[in-house]
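What follows is a set of notes on a single structure, which appears directly below.
Values quoted throughout were computed directly from the atomic coordinates according to the rules given, and no laboratory measurement underlies them. Worth saying up front: this structure is predicted, and the values here are computed from it rather than measured. Cβ atoms come from the backbone with ideal geometry, glycine included; neighbour counts cover every protein chain shown.
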Amino acid sequence: MHDFARRLIAWQRRHGRHGLPWQERRDPYRVWLAEVMLQQTQVATVIPYYRRFVARFPDVAALARAPLAEVLRLWSGLGYYARARHLHAAARTIVREHGGRFPDTAEALAGLPGVGRSTAGAIAVFAFGQRAAILDGNVRRVLARSFGVQGERAQWRLAESLVPARDVETYTQALMDLGATVCTRARPACERCPVAARCVARRESRIAELPAPRARARRPVRRARWLVLLDRGRVLLERRPARGLWGGLWAFPEPDSGPPARFCRDRLGCTVGRIERLAPIEHDFTHFRLRAQPLLCRLESGARAPRARGRRWFALAGAAQAAVPAPVKKLLLRLRDELGERGEPRRAVAQFQ
């Protein structure tokens, strides 16, 4: 066995992460679910979502039967919502085309929606005990620093050459754990690294250089206005189009550039009274920053609540539990705390200005 793999395996058994909920048994469904959730998301964030998801959808058949809206509701707040849509589509593919049984090779797994090469390798290793390489962000950093190798093709060749003939599950988990807890992007704990003695980046004082950071363009700011319509303790939300930002989730209506009151009258079919500006909401995405200006609008007394396909009135007390994106949930919770379940101010509205 290559000395690199041997050292990592020994280290993981003593210092790695054990007892994670998806490690309890070799179940392809649970391994797949965890690996998808862990894409660009930390373990501590994933665990409560994972537990709720498994409690509601205990197997792939249950997930395939569920409506997408329910899947998105449980995913709400975890971000990168395309993962949830792909997860649901893959579950239906597995049931429809594979009789509910997971493909058992990395190559076949990579054909499922939302499963890339590295995720497929991880599932093949942890669910089926196969020899397969992984190359997520943490593993790229470990290999780039340890061997001084950069470039995706070269790193994949290196990753595949390092996979040991036995203890492949422990080795793969060690790579993940090392990158997440020791060989971190900033301030790596080299004194705790089992392969520090042969690390190229450490020997050549290039830790900050490896892997080379990707050139990042300045993120543009996208501005939006959110209409927060309140009516007798209810708030109006509308479902976003299936494609695009927050596809399939519930969010606040966004008016065009004209007066909000006119938009409410002409597009939503309701008359609003005074409109109050709430504190702006900012949210970072990979390629841009969203800066939303919420506008608190109360329907005039006796005004008819608008009804239309794709729009729904939610009780303010529980609206944050619907399938809403994180910044919308944040504002809904703030409104509930400040206004109460009936949507009436507990304190002066001036704090919203």
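The stretch between residue 166 and residue 216 holds 14.0 nm of extra length on full extension. This uses 0.36 nm per residue minus the Cα-Cα distance. The spacing between segment 92-153 and segment 166-234, judged by their C-alpha centroids, is 19 Å.
Decide, for segment 222-352, between rounded, prolate and oblate: order the square roots of the alpha carbon gyration tensor eigenvalues as a ≥ b ≥ c, take rounded if a/c falls under 1.5, and otherwise choose prolate if a/b is larger than b/c, else oblate. Rounded is the answer for segment 222-352, as its axis ratio a/c remains below 1.5. Packing around the peptides 207-214, 113-120, 331-338, taken as the average count of other Cβ atoms within 10 Å per residue, puts them in this order, highest first: 113-120, 331-338, 207-214.
Stretched out straight at 0.36 nm per residue, the stretch from residue 203 to residue 254 would grow longer than its current Cα-Cα span by 12.9 nm.
Rounded to the nearest 20 debye, the dipole magnitude of segment 222-352 is 260 debye, with +1 charges on Lys and Arg beta carbons, -1 on Asp and Glu beta carbons, and the Cα centre as origin. The listed peptides 237-247, 276-286, ordered by packing as a protection proxy, come out as 237-247, 276-286 (highest mean of other Cβ atoms within 10 Å first).
Between residue 277 and residue 105, the C-beta separation translates, for a Förster distance of 56 Å, into a calculated FRET efficiency of about 0.50. Rounded to the nearest 20 debye, the dipole magnitude of the chain is 800 debye, with +1 charges on Lys and Arg beta carbons, -1 on Asp and Glu beta carbons, and the Cα centre as origin. What residue among 22, 61, 84 has its Cα farthest toward the positive end of the dipole of segment 12-98, where the charges are +1 on Lys, Arg and -1 on Asp, Glu, each on the Cβ? Most positive-ward Cα: 22. Once backbone amide H atoms are built at 1.01 Å from N, residue 234 has 316 as its partners under 5 Å, excluding neighbours fewer than 5 places away on the same chain. Of the residues 244, 194, 224, the one whose Cα sits farthest towards the positive end of the charge dipole of segment 173-268 is 224 (charges of +1 on Lys and Arg Cβ, -1 on Asp and Glu Cβ, taken about the Cα centre). Overall form of segment 135-186: oblate. Here a/c, set by the Cα gyration tensor axes a ≥ b ≥ c, is 1.5 or more, and a/b is not larger than b/c. Ordering 210, 109, 294 by Cα displacement along the dipole of the chain toward the positive end leaves 294 in first place; charges were set at the Cβ atoms of Lys, Arg (+1) and Asp, Glu (-1). Rounded to the nearest 500, the 222 nm mean residue ellipticity of the chain from helices alone is -12000 deg cm²/dmol, with -39,500 (n - 2.57) taken per DSSP H run of at least 4 residues.
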